[in-house]
Amino acid sequence: MARAVIAMTLAAVFAVVADSPASGQAELTAGELRLEPCTDEEIQPPAKCGTFTVWENRDVRSGRTIDLNVVILEASGENPVDDPLVFLMGGPGQDATGSARGMSRQPLRMGRDILLVDQRGTGKSNGLYCGPDMTAPLQAFMPTMDAEAVRACRAELEKRADLRLYLTPYAMDDLDDLRDALGYEKINLSGGSYGTRAALVYIRRHGEHVRTALLSGATALSDPMPDRFAEYAEAALEAVLEDCAEDPACAEAFPALADDYREAVRVMEEDGPREIQVSDPRSDELVTVTLRAADFAESLRAMLYSPEPARRIPLFLHHAATTGDYRPFAEFQLRRNAGLRQGIAEGMYFAVSCTEDVARVHPDAVYEAGQGTFLSDHRARPHIEGCEGWPLGRLPDGFGEEVESDVPVLLVTGENDPVTPPSSAQTAASRLGNARVVIVPFGGHGLGGLVAGPGCAARMYTTFLATADPDAVDTSCTEDVKRRPFVLSMDEAG
């Protein structure tokens, strides 16, 4: 893939104006940056908001453009350094600027700027949003993926986007053009989940401009999704069940938990969908919904993402197996998916994953590998079928190989991560000459709900940013990390 570099001087592209043009006025051209003080009163100043215009088709450099949504939270302390912290979001499909309000209050911005950019296809950067409207019937939010809905979404999105052009390499070239336009020689990358892929791709293409990279829940480029999703989720669940068996209170409450697990899965797989009355999270009204085996499996997998919901898994499995009540799984699934519909641009998820991932897997092998696990093919099949007919982009040669670089990289991963386990982080680091992998006990894809010493994660991140040396980071505080107690009764479950 050719990289189109916009060769302009900083003065030519850094056109900061007081007011952005209204809709319908002359279009911006690629390379134009327009910034003004942020007007959102919840974003603490000093901060600038605006757009940076890029070509949708970076190779031909003509046709449609995209105005990338940009927020710069300027350093608020004295004597700041000149290398900003750039956040690369997960999904794929999550926008970055939506976190500007919270980020503006972070101590991290005392010493350096924080740069937030909605990646092409997310947020206000021609966001490729699909899925039901938030006023849709509650049942519409039950499936995590629906291949038929994806096909309908694709037909609508193709009216305003070339879906082949929303790939990670294009997005990271956009970011590098913006870096140049803002006059930053070096940047610090902080990526989570899919954002770690984005960071690695940026390092491969523009590593000379990276001072450090912090990767949380790191994914390996050689491990396309959903190739091993069922295997990873099963391993994470087994770790939770084993942890319960080794915990005296949990083992006493659920002495046959392995049997409970098998029975809960068997009932959903063999007895078919269940009609369940739940509380609508939007109105608290009671609504009857249908829970299928796929919805149950996705709910269980999603609980494994974070230690906080994971500590309820033994209780919920025991409750379902002994009473036949799957309502906790249905309610968790609905709350999670309603949030995802608001926070993830599903069209961008498929634009990225159909080309970068699904095109590299063998469907029958993926389905076969899932047999005997609770996830089975429930996640892989709608994902792969949703990609059938999706217009595929063109990846650079060697895209699926691990990145080789000496950029300082700190990779932090949860011990029980159900989607990017420690092995994924270790693979990602295998050709990084100045990298360190830190494994957090009991951690999932996120770390919410863990009990650690005061400021453990913050101290590690701060040290790494200050020194640009992963070996200088004191990780001893992770040895004291504990999970919160398992929830043992439905009265406590909340």
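The values are calculated or read from the model by the stated rules, or taken from the named source; none is laboratory data. Quick caveat: nothing in here was measured; it's all calculated off a predicted structure. FYI the Cβ positions are ideal-geometry reconstructions off the backbone, even for glycines, and counts take in every protein chain you see. Side chains included, ligands, DNA and RNA excluded: accessible areas come from the protein's heavy atoms. Shrake-Rupley method; radii C 1.70, N 1.55, O 1.52, S 1.80 Å.
Could you order His318, His383 so the one with the most accessible surface comes first? Probe is 1.4 Å.
Per-residue accessible area, sorted high to low, gives His318, His383.
Please compute, over every Cα-Cα pair in the chain, the percentage with a separation greater than 40 angstrom.
22 percent
In whole angstrom, and with the biggest value first, how far do the Cα coordinates of region 283-376 range along each principal axis?
That works out to 42, 34, 27 Å along the principal axes.
If you fit an axis through the alpha-carbon atoms of helix 456-467 and take the longest principal axis of the Cα set of the chain, what angle between them do you get, 0 to 90°, nearest 10?
20 degrees
Kindly express, to the nearest 10 degrees and within the range 0 to 90, the angle between helix 313-323's C-alpha long axis and the longest C-alpha principal axis of the chain.
Helix 313-323 and the main axis of the chain meet at about 40 degrees.
Across every pair of different alpha-carbon atoms, what Kirkwood hydrodynamic radius in Å does region 424-494 reach?
14.2 Å
If the viscosity is 1.002 mPa s and the temperature 20 °C, what translational diffusion coefficient in µm²/s does Stokes-Einstein give for region 403-443 when Rh comes from Kirkwood over Cα pairs?
So the translational diffusion coefficient is about 209 µm²/s.
What percentage of all Cα-Cα pairs in region 319-446 are separated by more than 21 Å?
62 percent
Arrange the peptides 205-211, 341-347, 485-491, 59-65 so that the one whose residues have, on average, the most other Cβ atoms within 10 Å appears first.
Top of the packing list down: 341-347, 205-211, 485-491, 59-65.
With the contact rule set at Cα under 8 Å and sequence spacing of 6 or more, what percent relative contact order holds for the chain?
17 percent
Run the helix sum for the chain: -39,500 (n - 2.57) per DSSP H stretch of 4+ residues, divided by residue count, reported at 222 nm to the nearest 500 deg cm²/dmol.
-10500 deg cm²/dmol
Would you list the P(r) distribution for region 115-234, with all Cα-Cα distances sorted into 5 Å bins from 0 and each bin expressed as a whole %?
Histogramming region 115-234 at 5 Å steps yields 2, 9, 15, 18, 17, 16, 12, 7, 3, 1, 0 percent.
Counting DSSP beta bridges in the chain, what percent are antiparallel, to the nearest 5?
55 percent
Note the per residue figure in Å³ for the convex hull of the C-alpha positions in region 223-312.
Normalising the Cα hull of region 223-312 by residue number yields 138 Å³.
From Cα coordinates alone, what are the radius of gyration and Dmax values for region 57-182 in angstrom?
When restricted to Cα atoms, region 57-182 yields Rg and Dmax of 17.4, 54 Å.
Against the empirical 2.2 N^0.38 Å scaling, what ratio does the C-alpha Rg of region 340-394 come to?
So the Cα radius of gyration is 1.21 times the expected 2.2 N^0.38 Å.
Under a point spin-label approximation (7 Å from Cα along Cα-to-Cβ), what is the Gln371-Asp469 distance to one decimal in nm?
Going from the Gln371 label point to the Asp469 one covers 5.4 nm.
Can you compute the FRET efficiency between Lys159 and Thr29 using 1/(1 + (r/R0)^6), with r the Cβ-Cβ distance and R0 = 30 Å? Round to the nearest 0.05.
That gives a FRET efficiency of 0.85.
Normalised by the empirical 2.2 N^0.38 Å for globular proteins, what value does the Cα Rg of region 82-124 take?
1.17
Helix 327-343 sits at what angle to the longest principal axis of the chain, using alpha carbons and giving 0 to 90 degrees rounded to 10?
Compared with the principal axis, the helix lies near 10 degrees.
For Asp364 paired with Glu269, estimate the spin-label separation in nm (one decimal), with each label point 7 Å from Cα along the Cα-to-Cβ line.
Output for this residue pair reads 2.1 nm.
For region 374-494, what is the largest minus smallest coordinate of the Cα atoms on each principal axis, given in angstrom and ordered from greatest to least?
50, 49, 19
Would you please put 395-401, 223-229, 264-270 in order of how densely packed they are, using the mean number of other Cβ atoms within 10 angstrom per residue and starting with the highest?
Per-residue Cβ counts within 10 Å, averaged per peptide and sorted highest first, yield 223-229, 264-270, 395-401.
Where the centroid of each part is defined by its Cα atoms, how far is region 348-388 from region 249-283 in Å?
Rounded to whole Å, the Cα centres lie 25 Å apart.
Taking the highest mean first, how do the peptides 422-433, 117-128 order by number of other beta carbon atoms within 10 angstrom per residue?
117-128, 422-433
Roughly what would the spin-label model give for Gln139 and Val287, points 7 Å off Cα along C-beta, in nm?
Output for this residue pair reads 1.1 nm.
Output the antiparallel fraction of DSSP beta bridges having both residues in region 350-494, as a percent to the nearest 5.
Bridges in region 350-494 that DSSP calls antiparallel: roughly 20 percent.
Suppose we keep just the DSSP beta bridges with both residues in region 16-158; what percent of those would be antiparallel, to 5?
Once the DSSP bridges in region 16-158 are tallied, antiparallel ones form about 90 percent.
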